[in-house]
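Worksheet: the structure to be examined is printed underneath.
The values are calculated or read from the model by the stated rules, or taken from the named source; none is laboratory data. Everything numeric here is computed off the predicted structure, so don't read it as measured data. Neighbour counts are summed over all protein chains in view; Cβ atoms, including those assigned to glycine, are modelled from backbone coordinates with ideal geometry.
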C-alpha cells in the first residue's frame, strides 16, 4: 500500500532519505502509567528476579559468566576521548557515556538480553511441567543429562537479520535444543557461518526480515515440538531487555550521575523491529520516569518505527509504503515494519526517533575504535548522532523548549547504547575500519 505521512517538520527529510529527528506528539507525562498500555511496570522487576534465578545455570552453561556470577552484564564507559572526536567536547553536552552491549558476553550483542532470557525461561517452564525441575529447586538441573534429553526432542526457531539469531541459537544449543534460524537476505555471511559451526540449522531467505519471521512462525504453527521466539510479539523478549535498565541505573550511580528533573538522562537506542530498544526504554522509564528521555535511532532508508509512529495509522506502516528502500549496511536495523506490540507500548513514552546515514556509521565506528578501543559493528554506532540532534538541531531545540530542558543541558547525561560488535571477524572489522578511515580523511 501507499501511505502519505502527515505534515511534520521531519517529513521532508525522512521521505528524501536524509537524517532527521522526529518528535513524538503522543509523548505523555508519566506515560508509563497510561492505563491503555498492554503491560505493567511491575513486570520489569519480575524479569530482574527471573534473571537472578537463572544465573546459576547460565554460569554452568557459559564459563565466561563465572566472574559475574551468572549475570549477563556490560560496561558503562565514559566517552572522555571519543566525545572530542565526535564534536561533543563543549559543556553543553553534559556527560556522555557508552553502554557497551557491543561486548556483552555469550552473544556479543544486546540480543543476549532477550534471546538468552526467553530460551532459558522456556526451558525452565518445560522442565517444571515435566517434573525435572521442582518449584524453587536447583536451576542447574536444566543443564543435566535428563533435561538435555528432553530438550533434544524440541526445536527453538526464530527469524532474524543476524544478532537475535545468534543469541537464540547459542542459548538453544547450550541446553541441547535443536535450533533453526530463518535469516533474511541482508544477514551477514559471517553470522550465518558462526551459527552453522554451532550446529544451528540456518534457513536463508531471498526476502527481507519480515518474510523470514513469517516463515519461521508458519513452521512453528504446524509442529507442536517447535517453540517460536517471536521478535514481533514476544513480551518475554521485551522484558528480558527491560532488566538492563536497573543495571544501567546502578552504573550511573556508581559514576556519580544524578538523574532527576534537574539532571535529565538522554538514551539513544538503535532500533530494528523495536523489541530491544523498546524493552530498555520501558525499563528506564519505570526507574527514572520523565527524567529519562528515550530516543530510537534508525537508518535513513529503514526507519520503520519512525514512519509507522509518525503516520498515526492503526495498521502497521512499512518503509516501502512511503517510498523508502530498506537498504542499509546496518543489517541489524534492516527492518521494513516495526512490532505492533512495541509501537503500542512506546506511543506515550518514547520521546522521538532520529535517522542516520550509512557513511556516518562507519565514521563513528572508526572513531570509537581509534579513540577508546570500543569495537563496534556499523549498526551499533547509530546512537552517536543523538547528542548533536538534541543540543544543536532545530527539532532538538524544540524538544528542549517543550520539556523545559533548555537550561539543564550542562547537567544532563547522554547514554549511547552500542548494541553489537564483539563477534565481528577480524578481517571484516578491518574492512569496516578502512571504510571509516577513508570517510574521515585520515592520512
Residue identified as more than 23 Å from residue 46 (Cα to Cα), modelled with pLDDT of 95 or more and surrounded by fewer than 24 Cβ atoms within 10 Å (Cβ to Cβ) among 127, 152: 152
Could you grab me the full set of residues in the stretch 312-327 that are farther than 20 Å from residue 381 by Cβ and either surrounded by fewer than 18 Cβ atoms within 10 Å (Cβ to Cβ) or without any contact (Cβ under 8 Å) to a residue 40 or more places away in the chain (or both)? 312, 313, 314, 315, 316, 319, 320, 323, 325
Residue 345 vs. criteria over 21 Å from residue 433 (Cα atoms), at pLDDT below 95 and not assigned by TED's automatic domain parsing to the domain that holds residue 162: no
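Listed here are the residues, each with its yes/no results for (1) within 27 Å of residue 332 (Cβ to Cβ); (2) assigned to a strand (DSSP E or B); (3) in contact with a helix residue (DSSP H, G or I) (Cβ under 8 Å, 6 or more places away or on another chain); (4) outside the structural domain of residue 167 (by TED's automatic domain parsing).
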{"site": "59", "(1), (2), (3), (4)": "no, no, yes, yes"}
{"site": "74", "(1), (2), (3), (4)": "yes, no, yes, yes"}
{"site": "77", "(1), (2), (3), (4)": "yes, yes, yes, yes"}
{"site": "84", "(1), (2), (3), (4)": "no, no, yes, yes"}
{"site": "89", "(1), (2), (3), (4)": "no, no, yes, yes"}
{"site": "117", "(1), (2), (3), (4)": "yes, no, yes, no"}
{"site": "124", "(1), (2), (3), (4)": "no, no, yes, no"}
Please tell me if residue 253 is more than 19 Å from residue 113 (Cα to Cα), in contact with a strand residue (DSSP E or B) (Cβ under 8 Å, 6 or more places away or on another chain), without any contact (Cβ under 8 Å) to a residue 60 or more places away in the chain and not in a strand (DSSP E or B). no
Selection from the stretch 289-323 of residues part of a helix (DSSP H, G or I) and under 19 Å from residue 266 (Cβ atoms) yields 289, 290, 291, 305, 306, 309
Please find, among 237, 252, 265, the residue that is at pLDDT 95 or above and under 27 Å from residue 178 (Cβ atoms). 237
Residues of the stretch 164-212 that turn out to be within 14 Å of residue 111 (Cβ to Cβ) and part of a helix (DSSP H, G or I), as a count: 13
Residue that is nearest to residue 259 (Cα to Cα), among those in the stretch 91-104 that are within 15 Å of the chain's Cα centre (by Cα) and outside any strand (DSSP E or B): 101
So which residues in the stretch 20-36 are assigned to a loop (DSSP other than H, G, I, E, B) and crowded, with 19+ Cβ neighbours inside 10 Å, if there are any at all? 20, 24, 27
Quick one: which residue in 84, 124, 99, 129 is in contact (Cβ under 8 Å) with a residue 40 or more places away in the chain and closer than 20 Å to residue 151 by Cα? 124
Subset of the stretch 338-350 (residues that are in a loop (DSSP other than H, G, I, E, B) and either free of Cβ contacts under 8 Å to residues at least 12 places away in the same chain or surrounded by 24 or more Cβ atoms within 10 Å (Cβ to Cβ) (or both)): 338, 339, 349, 350
Just to check your reading of the model, which residue among 6, 19 is outside the structural domain of residue 324 (by TED's automatic domain parsing) and on the phi < 0 side of the Ramachandran plot? 6
Take the residues in the stretch 213-229 that are in a loop (DSSP other than H, G, I, E, B) and in contact (Cβ under 8 Å) with a residue 24 or more places away in the chain; name whichever of them is nearest to residue 153 (Cα to Cα). 225
